[in-house]
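Contents: one structure, followed by commentary.
The values are calculated or read from the model by the stated rules, or taken from the named source; none is laboratory data. The structure presented is a predicted model; accordingly, all values stated were derived computationally and were not measured. Neighbour counts are summed over all protein chains in view; Cβ atoms, including those assigned to glycine, are modelled from backbone coordinates with ideal geometry.
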Amino acid sequence: MGIKVVKFGGSSLADANQIKKAATIIKSDAERRYVVPSAPGKRFSDDIKVTDMLYACYEKASLGENFSEDFAKIMSRYNEIIADLGIDLSLDEQFDKIRANLATAGREYAASRGEYLNGIVIAKYLGYEFVDAAEVIVFSDEGVMMRRETRAKLRERLAGIERAVIPGFYGKSLSGVIRTFSRGGSDVTGSLVARAVRASVYENWTDVSGILVADPRVVDSPIVIPVITYKELRELSYMGFSVLHEDAIFPVRTAGIPINIRNTNSPEDAGTMIVPDSDTDGDVATRTITGIAGKKGFCAINMEKGMMNSEVGFVRDVLNVFADLGINVEHMPSGIDTLSIIADASSLEGKQEQLLSALRRAVNPDVLEFEPEIAMLAVVGRGMRKTRGTAARIFASLAHGRINVKMIDQGSSELNVIVGVHENDLHQAIRCIYDAFISSTL
Ligand code: ASP
């Protein structure tokens, strides 16, 4: 029998009703043995997450201000959950301790208590053992999670426990201080637990039925991606898809454990499977395109120079100028006598004039121009390798939508085609490609 590690996000545990749904999911499959909860999230759109309430409370406490009203609100969120779940549990002792330590134990300690308390509540409700993350997630004194030590501790602690709840988001440093990951870090805890117990799958339960092919604010009701590889996800995340905490990928990816994104409010949906790259060989049902993502905020530096192609060291000299000014080069499409550098516009702030004069000095181009307001669009799909004419279809759809393409870049892996357009055209471009590759096949 395999082991499943299940992580539930804040909206999946925002109140007793949501926790009941999560518990039904957990209990419906005996393989779901280790549960990683977030702190209670928003119950409605204007609500405040418990983690944010704790940060606010800490700010007051650390300034010596009175935080009792804020703290009372946090206590009542948990007390309400406990009452509605009908469990015999009092958190009074924990509340007293947290209140006493709030000002002195640090901001990360304060924030971590959301998961800590929720873990105790959920363990009680499920009848599972509570394993404090402070015992098993190890941080260095600089606040960096220590992979090997964490894995060893998790393995040792969970070895004899059939079913447990391990709160997400935090751990303890070597010198005993509570530390947290960055925001959304319960995803990382789930991944670490999955890796340590050699799970067959890491289920990440949230409030959407998987990763969507395109941003739903841009495309009307986009379909869910059934299967995506880690590599594809990385390409899409770089262009703005936010699905999981970035650091949640590495532990499971290296162990070849798939992640399944599922919806607590719609557990019958299969969600999205994020799989190691090798799993998809022979995946005949794959669509040509897995996802489309776009990001604004780029700019281009376009250069033209006669006989550029035969000038040895031209590209090196250009890149040196960027490196000397600490500007990261994102893309570098080129022609025989032309070269464009695409960079993040914010990295050029205050340096534009300096950059242009340095380029003039370094390579003396015939034409040198700065083009602002560029958006980059990534069309990602492992299916592209097997399909002929994909690029033609992408550009035909953009031409049909009267979109001017400023730049094209295809990675050597044939996993993605990157297209540069004016920022104002980005959304329309995404819609055109979605229509051509997805809507037309539904
Ligand atoms: N509760 C933390 C946050 O709001 C961590 C998490 O939910 O993953 O960022």
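Before moving on, here are some points about what is shown:
- In the range 180-212, the residues that are touching a helix residue (DSSP H, G or I) at 6+ places or on another chain (Cβ under 7 Å) and aliphatic (A, V, I, L, M): Val188, Leu192, Val193, Ala194, Ala196, Val197
- Subset of the range 16-65 (residues that are among the β-branched types (Val, Ile, Thr) and within 16 Å of the ligand (Cβ to nearest atom)): Ile19, Val35, Val36, Ile48, Val50, Thr51
- Close contacts from the range 42-53, counting a first residue that is under 24 Å from Arg107 (Cα atoms) and outside any loop (DSSP other than H, G, I, E, B) and a second that is of a type outside the set (Asp, Glu) and more than 14 Å from the ligand (Cβ to nearest atom), with Cβ to Cβ under 8 Å and a gap of 6+ residues or different chains, come to Met53/Lys73.
- Residues within the range 99-114 that are part of a helix (DSSP H, G or I) and either at pLDDT below 95 or closer than 16 Å to Lys73 by Cα (or both), tallied: 5
- Qualifying positions in the range 292-335 - closer than 20 Å to Val417 by Cα and among the charged types (D, E, K, R): Lys295, Lys296, Glu330
- Subset of the range 163-172 (residues that are buried (at least 19 other Cβ atoms within 10 Å of the Cβ) and more than 16 Å from the ligand (Cβ to nearest atom)): Ala164, Lys172
- With respect to the conditions (1) under 30 Å from Pro365 (Cα atoms); (2) modelled with pLDDT of 95 or more; (3) of a type in the set (D, E, K, R), Asp269 falls short on a single one, namely (1).
- Taken over the range 418-442, residues that are surrounded by 12 or more Cβ atoms within 10 Å (Cβ to Cβ) and closer than 20 Å to Ile223 by Cβ amount to 13.
- Scanning the range 324-343 for residues that are out of contact with any Cys (no Cβ under 8 Å at 6 or more places or on another chain) and under 14 Å from Met376 (Cβ atoms) yields a total of 8.
- Condition check for Gly160 on (1) at pLDDT 95 or above; (2) more than 13 Å from the ligand (Cβ to nearest atom); (3) part of a loop (DSSP other than H, G, I, E, B): one failure, at (1).
- Of all residue pairs spaced 6 or more apart or on separate chains, those with beta-carbon atoms under 7 Å, a first member in the range 221-245 that is more than 15 Å from Lys296 (Cα to Cα) and a second member that is within 16 Å of the ligand (Cβ to nearest atom) and of a type in the set (Asp, Glu) are Leu244/Asp187; His245/Asp187.
- In the range 182-215, residue nearest to the ligand (Cβ to nearest atom) [restricted to those that are among the hydroxyl-bearing types (Ser, Thr, Tyr) and closer than 24 Å to Lys42 by Cα]: Ser186
- Here Arg179, Arg99, Arg155, Arg77 are screened, and the one residue that is more than 23 Å from Asn17 (Cβ to Cβ) and within 16 Å of the ligand (Cβ to nearest atom) is Arg179.
- Count of the range 127-152 residues which are in a helix (DSSP H, G or I) and surrounded by fewer than 20 Cβ atoms within 10 Å (Cβ to Cβ): 6
- Put simply, of Ala392, Ala378, Ala345 the only residue that is farther than 25 Å from Val318 by Cβ and of a type in the set (A, V, I, L, M) is Ala392.
- Within the range 333-349, restricting attention to residues that are touching a residue at least 40 places away in the same chain (Cβ under 8 Å) and surrounded by 16 or more Cβ atoms within 10 Å (Cβ to Cβ), the residue that is nearest to Met303 (Cα to Cα) is Ser340.
Per-residue answers, yes or no, for (1) assigned to a strand (DSSP E or B); (2) touching an Asp or Glu at 6+ places or on another chain (Cβ under 9 Å):
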position	(1), (2)
Ser237	no, yes
Ser242	no, no
Asp247	no, yes
Val252	no, no
Arg262	yes, yes
Asn265	no, yes
Asp269	no, no
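- Those residues of the range 6-56 which are under 22 Å from Gly171 (Cβ atoms) and among the basic types (Lys, Arg), in sequence order: Lys7, Arg33, Lys49
- Matching residues in the range 223-234 - criterion: being assigned to a loop (DSSP other than H, G, I, E, B) and either within 16 Å of the ligand (Cβ to nearest atom) or surrounded by fewer than 20 Cβ atoms within 10 Å (Cβ to Cβ) (or both): Ile223, Pro226
- Total residues in the range 38-71, condition closer than 18 Å to Asp96 by Cβ and either loosely packed, with under 12 Cβ neighbours inside 10 Å or among the polar types (S, T, N, Q) (or both): 3
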